[in-house]
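Here the structure is laid out as structure tokens; the discussion comes afterwards.
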Amino acid sequence: MPDSFPLADPRPRSHEAAVLADVRVLLGRMQQRVVDLRNPASSAAEAAVALEGLHLLIDSACELAAADPGEIGRLDAGRELEATLPLLRSSLSEQVRLVADPAPVGRFLVRGTAVALRRVVLELAANAQSAMPNGGRLRLGLRRHRGGAVACIEPAPLSGGRYARLFVEDTGDGIETGLLRRIFEPDFTTRGRGRGRGLAIVTEILQGLGGGISVASARGRGSRFDVFLPLAST
């Protein structure tokens, strides 16, 4: 696979690269489920839960690998977020507590695709989990941006418009202020391992949708990512 594609249309590279990234995450969780199943101290109920989670992860990996990025159109962001939660829960470590605010179905019709929104959620969640090696809380939800310009770090500040705001926040290590802009660079990582592709993929997806992302973080205080998705014309 080529290392780079033009950024004007994020779907070829974002789709292929994100599929690989997501499947890697799911494979890691599958491995943990297998370990759980092999644990002789596990009860029958615990084994059943682990097996159910393994089946969901396998089905999700197959679905992701075969998914068509689709044409950009009107998308119910609340409905798609709710549909992504079972996969998200299975992909997270048991040490990470997921808190999902109720998704307002039918309220946020945005410009996008189901695959793109799922990619954004999974990449940001994987990034949050990496920042919480000892566990913590991951919270996400949808809100309406109240108008005015948006001081997005990537791909560029947004002019006034109508946006839905997807937020993902963690209680992890946080990021030093001087590194906040660099974390969106391809292959940059603050953790000394891995390739750091996730946030770069999110940026490319949002660029293609006409949206953006901002981050607020401080060392030792966790991080909050706000994703701005253009509302579809009615």
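For region 72-230, count the residues as N, evaluate 2.2 N^0.38 Å, and divide the Cα radius of gyration by that value, please. Kindly include the intermediate steps, with their values, before the conclusion.
Values: Rg = 14.7 Å, N = 159, 2.2 N^0.38 = 15.1 Å.
Dividing the Cα radius of gyration by 2.2 N^0.38 Å gives 0.97.
Where Lys and Arg each count +1 and Asp and Glu each count -1, what net charge lies around Glu169 among other residues with Cβ under 13 Å from its Cβ?
+4
Could I have the simple spin-label model distance between Arg221 and Ser159, label points 7 Å from Cα toward Cβ, reported in nm to one decimal?
Those two pseudo-labels are separated by 3.3 nm.
Can you tell me what share of the DSSP beta bridges in region 73-155 is antiparallel? A percent to the nearest 5 is fine. Write down the numbers at each step before the final one.
Values: 4 of 9 bridges.
Given both bridge residues lie in region 73-155, the antiparallel proportion sits at roughly 45 percent.
Computed from the coordinates by the stated procedures, all read-outs in this text should not be read as laboratory data. Given the structure is predicted, the values throughout are model-derived calculations rather than measurements. Using ideal geometry, Cβ is built from the backbone for each residue, glycine included, and neighbour counts are taken over all protein chains shown.
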